[in-house]
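S.K.: Have a look at this one.
Values in this text are rule-based calculations from the coordinates and carry no lab data. Keep in mind that what you see is a predicted model, and the values were worked out from it rather than measured. Glycine gets a Cβ as well: all are built from the backbone with ideal geometry, and neighbour counts include every protein chain shown.
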């Protein structure tokens, strides 16, 4: 198999850099307010179409709000929700995974049963029910997504911990009388950081899609906040006449999720020692094997007779 490329892929890197810059500098990049609209300016098409206006490059929605401004501010919502949800779930799941994998025994069995239950739940259905019961808000969306995401971290980190704790340097630390907390923090956790980075990156796209789904169903970030899923839902009734309301936030979500997943794959190939070892083996040409000369039956028989 070909060796994993160590060069940072330019496409996902450029998309993610643009996303971060757009979210940070949204107040300076957005031409209009994302929440205030003018009803007399509703359903204006993009600037390159007939009746398009330069003030609204990507058109306006049914309330006269600028679509470009809402897409720009929507990147901020998606980024903040992803970072907070992954930060909370990653912290909790990693802690449980480290404790479960290192302690083993009854503690491991108990924590993994809770993890298995969490992994078996229908994520979207549970998220919709929890957010609807607790009242849709930015905070509740982050908390619910974090609650549903931690088992993914716990399972992976626990598996890594099981392998690391069998290493000689951990055994030496135990013999030296080091505490479990010291061993986990000094030896095990630093070695699971690469796996943690890969999991976190791959989950960003999932969180963006989940937040978009909740907003689309009306139980996510409440209006008039410019969430991408909410914008797609607002344009459902205008697909034939004002398709731009749905298209542009949908494209933004698609490109972001695609870029994050590609970056996660690159990180996995770059940081996973098993994949690096396979790649180095693939680059090494196999040594030439010289054929072993076959024994001639007649010669062997003649030699035997002569003896």
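S.K.: Could you tell me whether region 194-201 includes any residue that is surrounded by fewer than 21 Cβ atoms within 10 Å (Cβ to Cβ), free of Cβ contacts under 8 Å to residues at least 40 places away in the same chain, touching a helix residue (DSSP H, G or I) at 6+ places or on another chain (Cβ under 9 Å) and more than 15 Å from residue 82 (Cβ to Cβ)?
M.R.: Looking for residues that are surrounded by fewer than 21 Cβ atoms within 10 Å (Cβ to Cβ), free of Cβ contacts under 8 Å to residues at least 40 places away in the same chain, touching a helix residue (DSSP H, G or I) at 6+ places or on another chain (Cβ under 9 Å) and more than 15 Å from residue 82 (Cβ to Cβ), one finds none in region 194-201, hence no.
Every residue, every condition in (1) farther than 26 Å from residue 19 by Cα; (2) part of a helix (DSSP H, G or I), yes or no:
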residue: 40; (1), (2): yes, yes
residue: 53; (1), (2): no, no
residue: 58; (1), (2): no, no
residue: 68; (1), (2): no, yes
residue: 75; (1), (2): no, yes
residue: 89; (1), (2): no, yes
residue: 96; (1), (2): yes, yes
residue: 114; (1), (2): yes, yes
residue: 117; (1), (2): yes, yes
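S.K.: Could you check how many residues of region 71-96 are within 20 Å of residue 253 (Cα to Cα) and in contact with a helix residue (DSSP H, G or I) (Cβ under 6 Å, 6 or more places away or on another chain)?
M.R.: The number of residues fulfilling the criteria is 13.
S.K.: Moving on. For region 25-38, what are the residues that are part of a loop (DSSP other than H, G, I, E, B) and without any contact (Cβ under 8 Å) to a residue 12 or more places away in the chain?
M.R.: Quick first cut of region 25-38, residues part of a loop (DSSP other than H, G, I, E, B) only: 25, 30-38.
The answer is 25, and nothing else.
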